[in-house]
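The values are calculated or read from the model by the stated rules, or taken from the named source; none is laboratory data. Bear in mind the structure is a predicted one, so any value in this text is a computation, not a measurement. FYI the Cβ positions are ideal-geometry reconstructions off the backbone, even for glycines, and counts take in every protein chain you see. Surface accessibility is based on the protein's heavy atoms, side chains included, excluding ligands, DNA and RNA. Shrake-Rupley method; radii C 1.70, N 1.55, O 1.52, S 1.80 Å.
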Amino acid sequence: IINQFKNALSISSADPNTPGGAKAKFAQDYNAGRYKDVIADAEYLRKNNALDANAQLIIGQAYYKAGDYAGCVRYSKSIGGDTALERQARCAYETGDDATQRSALEALVSRSGKPEYWKNLLKLSERVRGMTDHNTLDINRIRMMTGNIVTKDDYTLLAQLALQLGNAAEAQSVIEKGMAAKVLTDDRSARLLALAKSQAAANAANEAKTQAAANADPQGDALVKLGEDQIGRGNAKGAIANIQAGLKKPLKDQANGQTRLGQAYLAAGQKGDAVTAFSKVKTPEASATVAHLWTLVARR
């Protein structure tokens, strides 16, 4: 009975030198918005073996609420779990630390693959210097694969980029998916679909000529381009053969050729080969960033 009274008194008085009191003071400080005191309370909790996982998350939140974003990043790195990684990414954003933010988001997509994590990672990746239209197309392809193509503008941008870069069958598929989702319902979308269908049919009709010309070309870029279009038409096996042949020739854009090979392998379900192909893209920075995103997709 005496021990029970002592414990009750330590809690009611928030005596930080006892386990119950340390927890009480910790809770009182947080509820009162004394976030710097909450951070300091960690030492009392530790001394009394009361610093559990939930308390650690609250301390991380206290760093954030106190505006100590650098401290938030450091503390979040010292504890595990998705919540800590989310806060680490948020605090890194506040400090302008893109590298730490990207690292946290990559860990999150690797652990769970939730669309919201992918959304933030892809948005961050678009800020890398030197992004080309082809890089942007790839990022939007990954958006589609990770459940982040949802609005009319999302579908339209992906379709237009695919059309612009000669992938009409892919554009047709994107528009049809947007229509099936009841997102693309206007006349402009109908006209865009008609254009994509027309170009896709022309590409299919001229494939033999395109193949012969690409084979005869001393450069390999035409074979890579044909292979990319074949991916959109569901012919991953043919795409792999053409892109491999293109890579054996000189290329104006070696990074693009290697990325397309990885994309073709992924479409064929050969994820290990896809990861190997993507991992060979080291430069330029934007292409290497996109290839790394593809690697995360393949590993999921």
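Specify which of the listed residues (A204, A268, A255, A214) is of a type in the set (G, A, S), in contact (Cβ under 8 Å) with a residue 24 or more places away in the chain, more than 24 Å from M131 (Cβ to Cβ) and surrounded by 19 or more Cβ atoms within 10 Å (Cβ to Cβ). Reasoning before the result, please.
On the way: A204 fails: surrounded by 19 or more Cβ atoms within 10 Å (Cβ to Cβ); A268 fails: surrounded by 19 or more Cβ atoms within 10 Å (Cβ to Cβ); A255 fails: more than 24 Å from M131 (Cβ to Cβ).
So the residue among A204, A268, A255, A214 that is of a type in the set (G, A, S), in contact (Cβ under 8 Å) with a residue 24 or more places away in the chain, more than 24 Å from M131 (Cβ to Cβ) and surrounded by 19 or more Cβ atoms within 10 Å (Cβ to Cβ) is A214.
Kindly indicate the residue of the stretch 223-243 that is in contact with a Lys or Arg (Cβ under 8 Å, 6 or more places away or on another chain) and open to solvent by less than 10 Å² (accessible area, probe 1.4 Å) and also nearest to R141 (Cα to Cα) among those meeting that condition.
At the first step, the residues of the stretch 223-243 found to be in contact with a Lys or Arg (Cβ under 8 Å, 6 or more places away or on another chain) are 223-224, 227-228, 231, 239, 243.
Next, from what is left, pick out any that are open to solvent by less than 10 Å² (accessible area, probe 1.4 Å): 223-224, 227-228, 239, 243.
On the way: L223: 21, V224: 18, G227: 16, E228: 13, A239: 17, I243: 19 Å.
Applying the filter and picking the extreme gives E228.
Look at (1) open to solvent by less than 60 Å² (accessible area, probe 1.4 Å); (2) assigned to a helix (DSSP H, G or I); (3) under 28 Å from T295 (Cβ atoms) and you find that K249 fails only one, number (2).
For the stretch 163-170, the criterion of a residue being in contact (Cβ under 8 Å) with a residue 60 or more places away in the chain, of a type in the set (G, A, S) and surrounded by 18 or more Cβ atoms within 10 Å (Cβ to Cβ) is satisfied by at least one position.
In the stretch 32-78, counting only helices (runs of 4 or more DSSP H) that sit wholly within it, the ones holding 2 or more residues that are of a type in the set (S, T, N, Q) and surrounded by 17 or more Cβ atoms within 10 Å (Cβ to Cβ) span 53-65.
Please find, within the stretch 114-150, the residue that is least open to solvent (accessible area, probe 1.4 Å) out of those that are of a type in the set (S, T, Y) and either assigned to a loop (DSSP other than H, G, I, E, B) or more than 23 Å from R74 (Cα to Cα) (or both). Steps first, answer last, please.
Step one: list which residues in the stretch 114-150 are of a type in the set (S, T, Y), which gives 117, 125, 132, 136, 146.
When the remaining residues are screened for being either assigned to a loop (DSSP other than H, G, I, E, B) or more than 23 Å from R74 (Cα to Cα) (or both), the result is 132, 136, 146.
On the way: T132: 66, T136: 38, T146: 19 Å².
Once the filter is applied, the top-ranked residue is T146.
Looking at A92, is it closer than 18 Å to Y117 by Cβ, under 20 Å from the mean Cα position of the chain (by Cα) and open to solvent by less than 20 Å² (accessible area, probe 1.4 Å)? In short, yes.
Condition first: within 13 Å of V297 (Cα to Cα) and in a loop (DSSP other than H, G, I, E, B). Can you find one or more residues in the stretch 90-113 that meet it? Looking for residues that are within 13 Å of V297 (Cα to Cα) and in a loop (DSSP other than H, G, I, E, B), one finds at least one in the stretch 90-113, hence yes.
Does A194 satisfy the condition of being part of a helix (DSSP H, G or I) and either within 28 Å of A277 (Cβ to Cβ) or open to solvent by 70 Å² or more (accessible area, probe 1.4 Å) (or both)? Against the criterion (part of a helix (DSSP H, G or I) and either within 28 Å of A277 (Cβ to Cβ) or open to solvent by 70 Å² or more (accessible area, probe 1.4 Å) (or both)), A194 does not qualify.
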